[in-house]
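Below is one structure; the comments refer to it alone.
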Amino acid sequence: MKRRDFLKTSAVGLAAPSAVFSGTNYKTNKNNPMLVSTWPFGLIANKAGLEAYQNGGNAMDAAEAVARVPEGDPNELSVGWGGLPDEQGKVTLDACVMDSTGNAGSVAFLQNIKHPVSVARKVMEDTKHVMLVGEGARQFAVSQGFEEMDLLTDKAKKAWEKWKKTRKEMTPHETHDTIAVLAQDENGDLAGACTTSGWAYKLHGRVGDSPIIGAGLYVDNEVGAVGCTGLGEEVIKSTGSFLVVELMRQGYDPTAACEEALKRIIKRHNGNPDFQVAYIALRKDGKVGTACLKWSFEYAVARGEKNKLYKTKGML
Ligand code: ASP
């Protein structure tokens, strides 16, 4: 849609959804395990999820397996080990998971632990809480047997040292790449995971959308799963992933739901945001939708043997 057309549409209000989704009037996608992951690294990472399915894993197992791939890759500058640090040179990680029962776990501002997504899952499964942050999250991880390590690689340190010379403000569009993963297993159950090192050279203590349930990720096993990447502050302010799920519940097609959530951000920025936000949505019937604000956005979809990268063009 051209910008002028978009403004016209938003001025008269949105087209009504084509069908009202009650949560039960879609046929559940069964016997067709799926994965949807953000960015090109999702393509390689999806393979780990397909393997988890082959080994009898459910949607949560598969989503976690996918998220662990970039987390464990020291060359990946935006997730887990090797992620770009904050302005003080510290790598601080955010992650969350949500399963088909509506249970959720999250860690934020976690340091020295390579796999925050697995710590988030432990928070979900082994505590009464949803979210642990900072030093408490680290202590919890250690108590659960997670190994501590220095996550700042030479590559990330060099990039940070170079940045320090200018202290140029970066947006996540310049240094982004959260992995959000949506999974649907052979029973048709949904789960999701999201993990990132966040906004490069951020203020020490900054937490983005990725560990916030409803912002960076939301799963409703009756309707669908949604995750996102991009400028976390804007996603938090619009409760993005929850909004997209609720729009799908109202009958919006997955792509239309992603676009409607983005339109709210566009409106708040007078039709011209200068940053990126991208949503991926997986509806209960297996239909995938995506949208991004600007430029383009790539995501990987795996179904059965097939695992393919797709590109979505920006709305503006
Ligand atoms: N959403 C992430 C954050 O704001 C960054 C990204 O996905 O690019 O921390």
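Laboratory data are not the source of any read-out in this text; all were calculated from the coordinates shown. Because the structure is predicted, anything quoted here is derived from the model rather than measured. Positions of Cβ are generated from backbone atoms using ideal geometry, with glycine treated the same way; all protein chains shown enter the neighbour counts.
Observations on the structure shown:
- Check on residue 310, surrounded by fewer than 16 Cβ atoms within 10 Å (Cβ to Cβ) and within 25 Å of residue 78 (Cβ to Cβ): yes
- The lone criterion from (1) at positive phi; (2) in contact with an Asp or Glu (Cβ under 9 Å, 6 or more places away or on another chain); (3) not aliphatic (A, V, I, L, M) left unmet by residue 145 is number (2).
- Test: residue in the range 53-73 that is closer than 16 Å to residue 200 by Cα and of a type in the set (Phe, Trp, Tyr): no
- One residue from 235, 245, 226, 301 being over 24 Å from residue 131 (Cα atoms) and buried (at least 19 other Cβ atoms within 10 Å of the Cβ): 301
- Meets criteria (in contact (Cβ under 8 Å) with a residue 24 or more places away in the chain, assigned to a strand (DSSP E or B), within 11 Å of the ligand (Cβ to nearest atom) and surrounded by 24 or more Cβ atoms within 10 Å (Cβ to Cβ)) for residue 198: no
- Candidates in the range 37-51 are the residues that are part of a helix (DSSP H, G or I) and crowded, with 24+ Cβ neighbours inside 10 Å; of these, the one that is nearest to the ligand (Cβ to nearest atom) is 42.
- Among the residues of the range 201-216, those identified as of a type in the set (Gly, Ala, Ser), within 10 Å of the ligand (Cβ to nearest atom) and either within 8 Å of the chain's Cα centre (by Cα) or over 19 Å from residue 265 (Cβ atoms) (or both) are 210, 216.
- Considering the range 217-234, and only residues there that are in contact (Cβ under 8 Å) with a residue 40 or more places away in the chain and not in a strand (DSSP E or B), the residue that is farthest from the ligand (Cβ to nearest atom) turns out to be 222.
- Residue in the range 156-168 that is within 15 Å of the chain's Cα centre (by Cα), touching a residue at least 12 places away in the same chain (Cβ under 8 Å), over 19 Å from residue 59 (Cα atoms) and buried (at least 24 other Cβ atoms within 10 Å of the Cβ) present: no
- Evaluated against (1) touching a Pro at 6+ places or on another chain (Cβ under 7 Å); (2) surrounded by fewer than 18 Cβ atoms within 10 Å (Cβ to Cβ); (3) not charged (D, E, K, R), residue 107 falls short on exactly one condition, (2).
- Summed over the range 137-154, residues that are among the hydroxyl-bearing types (Ser, Thr, Tyr) and loosely packed, with under 12 Cβ neighbours inside 10 Å total 1.
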